[in-house]
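A.B. asks: Please see the structure below; I have some questions.
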Amino acid sequence: MRPVVLRCLILPIALVSGPAIALPANRPTPGYTRVAIETSVGRIVVAADNRRAPVTAANFLTYVDDGRFDGVTFYRAARRKSDPKLGLIQGGIDTDARRSLPPIRHEPTTRTGIRHLDATISMARPNRANSAMGNFFITVGPTPNMDARGDYIGYAAFGHVVGGMDVVRKILAVPTCCGSGPMRGQMIVKPIAIIRAKRLDGTPHPTRGVKPWLLGLHRKP
(Lines give C-alpha, C1' and ligand atoms only; values in the text may rest on other atoms or scores of the structure.)
Protein backbone atom coordinates (compact mmCIF):
# COMPACT_ATOMS: atom_id res chain seq x y z
CA MET A 1 0.00 0.00 0.00
CA ARG A 2 1.40 3.39 -0.92
CA PRO A 3 1.97 5.62 2.14
CA VAL A 4 -0.27 8.64 2.51
CA VAL A 5 1.40 12.02 2.94
CA LEU A 6 -0.79 14.49 4.78
CA ARG A 7 -0.66 18.16 3.88
CA CYS A 8 1.41 19.66 6.69
CA LEU A 9 -0.19 21.95 9.21
CA ILE A 10 1.18 25.22 10.54
CA LEU A 11 -0.22 27.07 13.53
CA PRO A 12 -1.78 30.53 13.05
CA ILE A 13 0.84 33.24 12.74
CA ALA A 14 1.77 35.77 15.43
CA LEU A 15 4.52 38.13 14.31
CA VAL A 16 6.81 40.65 15.97
CA SER A 17 9.73 42.68 14.69
CA GLY A 18 13.31 41.46 14.83
CA PRO A 19 16.48 41.07 12.74
CA ALA A 20 17.43 38.25 10.42
CA ILE A 21 20.86 36.59 10.52
CA ALA A 22 23.05 38.05 7.75
CA LEU A 23 25.05 35.52 5.72
CA PRO A 24 26.64 36.12 2.30
CA ALA A 25 24.75 34.84 -0.72
CA ASN A 26 27.72 34.87 -3.09
CA ARG A 27 30.23 32.75 -1.19
CA PRO A 28 30.27 29.73 1.16
CA THR A 29 30.05 30.12 4.93
CA PRO A 30 31.65 27.40 7.12
CA GLY A 31 28.96 25.22 8.70
CA TYR A 32 26.30 26.15 6.13
CA THR A 33 25.25 24.75 2.74
CA ARG A 34 23.66 27.16 0.29
CA VAL A 35 20.83 25.98 -1.96
CA ALA A 36 19.42 27.90 -4.92
CA ILE A 37 15.66 27.49 -5.35
CA GLU A 38 14.77 28.53 -8.89
CA THR A 39 11.10 29.48 -9.12
CA SER A 40 8.89 30.75 -11.91
CA VAL A 41 9.07 34.24 -10.36
CA GLY A 42 12.77 34.36 -9.46
CA ARG A 43 15.59 32.82 -7.45
CA ILE A 44 15.75 32.26 -3.68
CA VAL A 45 19.04 31.25 -2.03
CA VAL A 46 18.88 29.61 1.40
CA ALA A 47 21.69 28.52 3.72
CA ALA A 48 21.07 25.30 5.67
CA ASP A 49 22.74 25.24 9.10
CA ASN A 50 24.56 21.90 9.18
CA ARG A 51 26.09 22.37 12.62
CA ARG A 52 23.12 23.42 14.70
CA ALA A 53 20.37 21.48 12.87
CA PRO A 54 22.25 18.50 11.36
CA VAL A 55 19.27 16.14 11.00
CA THR A 56 16.90 18.69 9.48
CA ALA A 57 19.53 20.25 7.21
CA ALA A 58 20.64 16.82 5.95
CA ASN A 59 17.03 15.85 5.19
CA PHE A 60 16.45 19.06 3.20
CA LEU A 61 19.69 18.57 1.27
CA THR A 62 18.76 14.97 0.42
CA TYR A 63 15.51 16.19 -1.14
CA VAL A 64 17.57 18.75 -3.07
CA ASP A 65 20.26 16.28 -4.19
CA ASP A 66 17.65 13.73 -5.30
CA GLY A 67 15.75 16.31 -7.34
CA ARG A 68 12.64 15.72 -5.24
CA PHE A 69 11.91 19.46 -5.19
CA ASP A 70 12.31 19.85 -8.96
CA GLY A 71 8.87 20.46 -10.45
CA VAL A 72 6.98 20.99 -7.18
CA THR A 73 5.48 24.29 -6.02
CA PHE A 74 5.08 26.94 -3.39
CA TYR A 75 1.41 26.30 -2.68
CA ARG A 76 0.66 28.37 0.43
CA ALA A 77 0.94 32.07 1.29
CA ALA A 78 -0.14 32.87 4.86
CA ARG A 79 -0.43 36.62 5.43
CA ARG A 80 -1.01 38.33 8.74
CA LYS A 81 -4.42 40.00 8.74
CA SER A 82 -3.16 43.13 10.48
CA ASP A 83 -0.19 43.42 8.11
CA PRO A 84 -0.39 41.41 4.87
CA LYS A 85 3.27 42.14 4.11
CA LEU A 86 4.22 39.74 6.92
CA GLY A 87 3.63 36.00 7.14
CA LEU A 88 5.11 32.89 5.52
CA ILE A 89 5.19 30.95 2.29
CA GLN A 90 5.16 27.16 2.20
CA GLY A 91 6.33 24.79 -0.50
CA GLY A 92 7.68 21.34 -1.21
CA ILE A 93 6.25 17.97 -2.15
CA ASP A 94 2.81 18.78 -0.70
CA THR A 95 0.91 15.45 -0.73
CA ASP A 96 3.01 13.70 -3.40
CA ALA A 97 3.90 10.41 -1.69
CA ARG A 98 6.10 9.40 -4.64
CA ARG A 99 8.62 12.08 -3.65
CA SER A 100 8.61 11.48 0.10
CA LEU A 101 11.42 10.18 2.27
CA PRO A 102 10.84 8.73 5.77
CA PRO A 103 9.95 11.32 8.43
CA ILE A 104 12.82 12.68 10.50
CA ARG A 105 13.54 13.26 14.18
CA HIS A 106 12.37 16.67 15.35
CA GLU A 107 15.04 19.25 16.23
CA PRO A 108 13.33 21.93 18.34
CA THR A 109 14.54 25.51 18.50
CA THR A 110 15.39 25.01 22.18
CA ARG A 111 18.03 22.50 21.08
CA THR A 112 19.33 24.20 17.92
CA GLY A 113 19.09 27.83 18.99
CA ILE A 114 17.79 28.72 15.50
CA ARG A 115 14.78 30.92 16.19
CA HIS A 116 12.06 31.82 13.72
CA LEU A 117 13.26 35.28 12.77
CA ASP A 118 12.66 37.10 9.50
CA ALA A 119 13.85 35.05 6.49
CA THR A 120 14.07 31.77 8.43
CA ILE A 121 13.55 28.47 6.61
CA SER A 122 11.87 25.75 8.67
CA MET A 123 10.19 22.38 8.20
CA ALA A 124 6.44 22.07 7.94
CA ARG A 125 4.89 18.99 9.53
CA PRO A 126 1.59 17.39 10.57
CA ASN A 127 0.41 18.05 14.11
CA ARG A 128 2.70 15.49 15.74
CA ALA A 129 6.38 15.12 16.58
CA ASN A 130 8.97 13.47 14.34
CA SER A 131 6.78 13.77 11.24
CA ALA A 132 8.49 16.33 8.97
CA MET A 133 9.35 15.10 5.48
CA GLY A 134 9.47 17.22 2.33
CA ASN A 135 7.56 20.43 3.01
CA PHE A 136 9.15 23.64 4.27
CA PHE A 137 8.24 27.27 4.92
CA ILE A 138 10.02 30.63 4.82
CA THR A 139 9.09 33.45 7.18
CA VAL A 140 8.59 37.11 6.30
CA GLY A 141 8.97 38.81 9.66
CA PRO A 142 9.71 36.91 12.88
CA THR A 143 7.21 34.24 13.97
CA PRO A 144 8.15 33.48 17.60
CA ASN A 145 5.06 31.30 18.10
CA MET A 146 6.82 28.70 15.91
CA ASP A 147 9.64 28.40 18.47
CA ALA A 148 9.54 25.60 21.08
CA ARG A 149 8.60 26.51 24.64
CA GLY A 150 7.53 24.38 27.59
CA ASP A 151 5.62 21.33 26.35
CA TYR A 152 5.14 22.88 22.90
CA ILE A 153 7.68 21.40 20.46
CA GLY A 154 7.38 24.12 17.82
CA TYR A 155 8.84 23.74 14.34
CA ALA A 156 12.35 22.80 13.22
CA ALA A 157 14.07 25.91 11.86
CA PHE A 158 17.25 24.93 10.04
CA GLY A 159 18.59 27.95 8.16
CA HIS A 160 17.98 31.33 6.59
CA VAL A 161 17.38 33.01 3.26
CA VAL A 162 20.59 34.72 2.12
CA GLY A 163 19.32 35.98 -1.23
CA GLY A 164 16.00 36.56 -2.95
CA MET A 165 13.78 37.80 -0.14
CA ASP A 166 12.17 40.04 -2.75
CA VAL A 167 11.02 36.83 -4.46
CA VAL A 168 9.71 35.46 -1.15
CA ARG A 169 7.72 38.65 -0.58
CA LYS A 170 6.40 38.48 -4.15
CA ILE A 171 5.10 34.95 -3.52
CA LEU A 172 3.57 36.02 -0.19
CA ALA A 173 1.52 38.66 -2.06
CA VAL A 174 -0.09 36.39 -4.69
CA PRO A 175 -3.85 35.68 -4.59
CA THR A 176 -4.98 32.89 -2.26
CA CYS A 177 -8.18 31.01 -1.51
CA CYS A 178 -9.51 27.73 -0.18
CA GLY A 179 -7.82 25.52 2.40
CA SER A 180 -9.16 24.37 5.75
CA GLY A 181 -8.34 24.67 9.43
CA PRO A 182 -5.30 26.88 10.10
CA MET A 183 -4.68 27.08 6.33
CA ARG A 184 -8.14 28.34 5.42
CA GLY A 185 -7.91 30.98 2.69
CA GLN A 186 -4.13 30.54 2.38
CA MET A 187 -3.73 28.22 -0.62
CA ILE A 188 -2.18 29.94 -3.64
CA VAL A 189 -4.68 30.14 -6.51
CA LYS A 190 -1.95 29.54 -9.13
CA PRO A 191 0.87 27.76 -7.24
CA ILE A 192 4.36 29.08 -7.92
CA ALA A 193 6.53 26.52 -9.71
CA ILE A 194 9.80 25.40 -8.17
CA ILE A 195 11.67 24.68 -11.36
CA ARG A 196 14.78 23.34 -9.66
CA ALA A 197 16.54 23.30 -6.29
CA LYS A 198 20.33 22.90 -6.46
CA ARG A 199 23.03 22.95 -3.78
CA LEU A 200 25.74 25.57 -4.33
CA ASP A 201 28.26 24.21 -1.81
CA GLY A 202 29.79 20.78 -1.28
CA THR A 203 29.18 17.49 -3.02
CA PRO A 204 25.64 16.19 -3.65
CA HIS A 205 24.73 12.92 -1.92
CA PRO A 206 21.64 11.57 -3.70
CA THR A 207 19.95 8.42 -2.49
CA ARG A 208 20.09 5.27 -4.56
CA GLY A 209 17.21 3.42 -6.08
CA VAL A 210 14.20 4.20 -8.23
CA LYS A 211 12.80 7.73 -8.29
CA PRO A 212 9.08 6.88 -8.64
CA TRP A 213 7.97 10.43 -9.53
CA LEU A 214 10.15 10.23 -12.65
CA LEU A 215 8.70 6.97 -13.96
CA GLY A 216 7.12 7.55 -17.35
CA LEU A 217 8.16 11.22 -17.41
CA HIS A 218 10.23 10.90 -20.58
CA ARG A 219 8.12 8.20 -22.21
CA LYS A 220 7.29 8.90 -25.85
CA PRO A 221 3.58 9.43 -26.64
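The values are calculated or read from the model by the stated rules, or taken from the named source; none is laboratory data. Predicted model, so just to flag it, every value in this text is computed and none were measured. Cβ atoms come from the backbone with ideal geometry, glycine included; neighbour counts cover every protein chain shown. Please note that ligands, DNA and RNA were not included when accessible areas were found on the heavy atoms of the full protein model with its side chains. Shrake-Rupley method; radii C 1.70, N 1.55, O 1.52, S 1.80 Å.
A.B. asks: For the chain, build the charge dipole from Cβ charges (+1 Lys, Arg; -1 Asp, Glu) around the Cα centre, then report which of A53, N26, A173 sits farthest towards its positive end.
C.D. replies: Among A53, N26, A173, the one farthest towards the positive end of the dipole of the chain is A173.
A.B. asks: Still on this structure, please answer the following. How much length is gained on full extension from K170 to A193, taking 0.36 nm per residue of separation minus their Cα-Cα distance? List each step's numbers first, then the result.
C.D. replies: Details: separation 23, 0.36 × 23 = 8.28 nm, distance 1.32 nm.
So the chain would gain 7.0 nm between K170 and A193.
A.B. asks: On to the next question. Where nothing but the Cβ of Lys and Arg (+1) and of Asp and Glu (-1) is charged, how large is the charge dipole of segment 51-116 around its Cα centre, in debye to the nearest 20? Working shown, then result.
C.D. replies: On the way: 13 positive and 7 negative charges, 89 e Å.
Charge dipole of segment 51-116: 420 debye, to the nearest 20.
A.B. asks: Using only the Cα atoms of segment 92-221, each taken as one equal point scatterer with no solvent, compute I(q) by the Debye sum, divide by I(0), and report log10 of the ratio at q = 0.14 Å⁻¹.
C.D. replies: Evaluating at q = 0.14 Å⁻¹ gives log10 I(q)/I(0) of -0.80.
A.B. asks: In percent, what relative contact order does segment 110-153 have, based on Cα pairs under 8 Å that are 6 or more apart in sequence? Kindly include the intermediate steps, with their values, before the conclusion.
C.D. replies: Values: 55 pairs, mean separation 19.0, N = 44.
About 43 percent, as a whole number.
A.B. asks: With all protein chains present, how much of the accessible area of the chain (probe radius 1.4 Å) comes from carbon and sulfur, to the nearest whole percent?
C.D. replies: 56 percent
A.B. asks: Tell me, what is the per residue accessible area of segment 88-148 in Å², probe radius 1.4 Å? Intermediate results must be reported in sequence, preceding the final value.
C.D. replies: Values: 1850 Å² over 61 residues.
About 30 Å² of surface per residue is accessible.
A.B. asks: Another question, then. Kindly rank 151-162, 203-214 from highest to lowest mean number of other beta carbons found within 10 Å of each residue. Before the final figure, lay out each step's value.
C.D. replies: Values: 151-162: 22.2, 203-214: 11.2.
So the order, starting with the most tightly packed, is 151-162, 203-214.
A.B. asks: Hey, what do the phi angles of segment 123-134 turn into as Karplus ³J(HN,Hα) couplings, whole Hz, using 6.51/-1.76/1.60 and θ = phi - 60°, x for Gly and Pro?
C.D. replies: Taking θ as phi minus 60°, the curve returns 8, 7, 7, x, 7, 7, 6, 6, 10, 5, 10, x Hz for segment 123-134.
A.B. asks: When only C-alpha pairs under 8 Å and at least 6 residues apart count, what is the relative contact order of the chain, in percent?
C.D. replies: Working: 516 pairs, mean separation 69.5, N = 221.
In percent, rounded to a whole number, it is 31.
A.B. asks: For G154, enumerate residues with amide H under 5 Å from its amide H, sequence gap 5+ or separate chain, H modeled in the peptide plane.
C.D. replies: R149
A.B. asks: When Lys and Arg each count +1 and Asp and Glu each count -1, what net charge do the other residues less than 12 Å away from A132, Cβ to Cβ, add up to? Display every interim value, and only then the final one.
C.D. replies: On the way: positive: R105, R125, R128; negative: E107.
That sum, taken over residues with Cβ under 12 Å, equals +2.
A.B. asks: Lys/Arg Cβ at +1, Asp/Glu Cβ at -1, dipole of the chain taken about the Cα centre: which of P142, H106, P126 is farthest positive-ward?
C.D. replies: P126
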